[in-house]
Amino acid sequence: MSIQLNNVEFCYSKATQKNILSIDSWSTTVGDRQFIYGPSGCGKSTLLNIIGGILKPTTGTVSVLGESLDKMNSHQRNRFRANNIGYIFQQFNLINYLNAEENIQLAHHFSSRKKTTKVRDKIHYLLSDLNIKSDDWSRPVGMLSVGQQQRIAIARAFVNSPQLLIADEPTSALDEVSTNNFMSQLSTLCKEHHTTLLFVSHDTRLKHHFNHVHEFSQINSKKEQ
Ligand SMILES: Nc1ncnc2c1ncn2[C@@H]1O[C@H](COP(=O)(O)OP(=O)(O)OP(=O)(O)O)[C@@H](O)[C@H]1O
Ligand SMILES: [Mg+2]
């Protein structure tokens, strides 16, 4: 199993005790391409943050790539994420004043992977593969288009060859042609790296790119307290 959730509950505020997540059981197998769709505010990003170890569940168990995230402290979860998970955030979380190479190098720096000069070759390979022109590699990413930033965020997510890629609505700002290009580039990279893909969006037109499709409310089965 790549991901196994059991009896997971999560609420942001202890005061209100309003559960955003209440999941009996959900799992994915290595190599799956999973798509979860649901409307704005239903809890998609919250779920990804739990699986990515950014948030800890209020109760329940979260196993990712065989490790129990619910038993780790935040430092251990951050380290685990840096080493094993590629994360494309809803807002990309690129550092605007750094260029593409520097943004990607930072993700490599935070991992425990051996630091070699070969990483530059890998970054250049990924950027070229994602059709970012070499002239743009050294420009601050804040000066690039949203579509270019989105592709740099994919390159960053793959630099450590993650076993799991989490993508939070990465196509929301793209037109149809750019979305299709993005999706095929993402699928190709996942196949090349044997990466399990967990992708959320409100856009059900993306369904056909995946081999498992779920409505968020099917996974988040229990209702609010
Ligand atoms: N940091 C936070 N503190 C308190 N409540 C939050 C926080 N982040 C999100 N929420 C609430 O949790 C619920 C789920 O939010 P979440 O961001 O997971 O939704 P989403 O499905 O990703 O939405 P979108 O499609 O708009 O990105 C929302 O009601 C939101 O207001
Ligand atoms: Mg969200």
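The values are calculated or read from the model by the stated rules, or taken from the named source; none is laboratory data. Predicted, not measured: the structure shown is a model, and the values here were computed from it. No Cβ is skipped: glycine too gets one built from the backbone with ideal geometry, and neighbour counts run over all protein chains shown.
Things to note:
- Residue that is modelled with the lowest pLDDT, among those in the stretch 73-100 that are surrounded by 17 or more Cβ atoms within 10 Å (Cβ to Cβ) and more than 13 Å from the chain's Cα centre (by Cα): LEU94
- Unique match (being free of Cβ contacts under 8 Å to residues at least 60 places away in the same chain and more than 23 Å from THR28 (Cα to Cα)) among THR179, THR171: THR179
- Within the stretch 20-68, the set of residues being among the basic types (Lys, Arg) and within 16 Å of ligand 1 (Cβ to nearest atom) comprises LYS44, LYS56.
- Scanning the stretch 40-52 for residues that are in a loop (DSSP other than H, G, I, E, B) and either more than 16 Å from ALA82 (Cβ to Cβ) or within 12 Å of ligand 2 (Cβ to nearest atom) (or both) returns SER40, GLY41, CYS42, GLY43.
- The listed residue being in contact with a helix residue (DSSP H, G or I) (Cβ under 7 Å, 6 or more places away or on another chain), closer than 22 Å to LEU189 by Cβ and assigned to a loop (DSSP other than H, G, I, E, B), out of LEU94, LEU55: LEU94
- Among (1) part of a helix (DSSP H, G or I); (2) more than 22 Å from HIS193 (Cα to Cα); (3) within 16 Å of ligand 1 (Cβ to nearest atom), the one test that GLN76 misses: (3)
- Within the stretch 130-174, being among the charged types (D, E, K, R) and either outside any loop (DSSP other than H, G, I, E, B) or away from ligand 2 (no atom under 16 Å from the Cβ) (or both) holds for LYS133, ASP135, ASP136, ARG139, ARG151, ARG156, ASP168.
- Set GLY52, GLY41, GLY31: member being within 15 Å of the chain's Cα centre (by Cα) and surrounded by fewer than 19 Cβ atoms within 10 Å (Cβ to Cβ): GLY31
- Beta carbons closer than 7 Å, at least 6 apart along the sequence or on distinct chains, pair a first residue in the stretch 23-49 that is in contact (Cβ under 8 Å) with a residue 60 or more places away in the chain with a second that is within 16 Å of ligand 2 (Cβ to nearest atom) and of a type in the set (Gly, Ala, Ser) for TYR37/SER201; GLY38/SER217; LYS44/GLY38.
- Taken over the stretch 193-220, the residue count meeting the criterion of being within 13 Å of ligand 1 (Cβ to nearest atom) and under 16 Å from the mean Cα position of the chain (by Cα) is 4.
- Residue check, ASP136 more than 19 Å from the chain's Cα centre (by Cα), of a type in the set (Asp, Glu) and at pLDDT 95 or above: yes
- For SER63: the one exception among (1) over 28 Å from HIS208 (Cα atoms); (2) part of a strand (DSSP E or B): (1)
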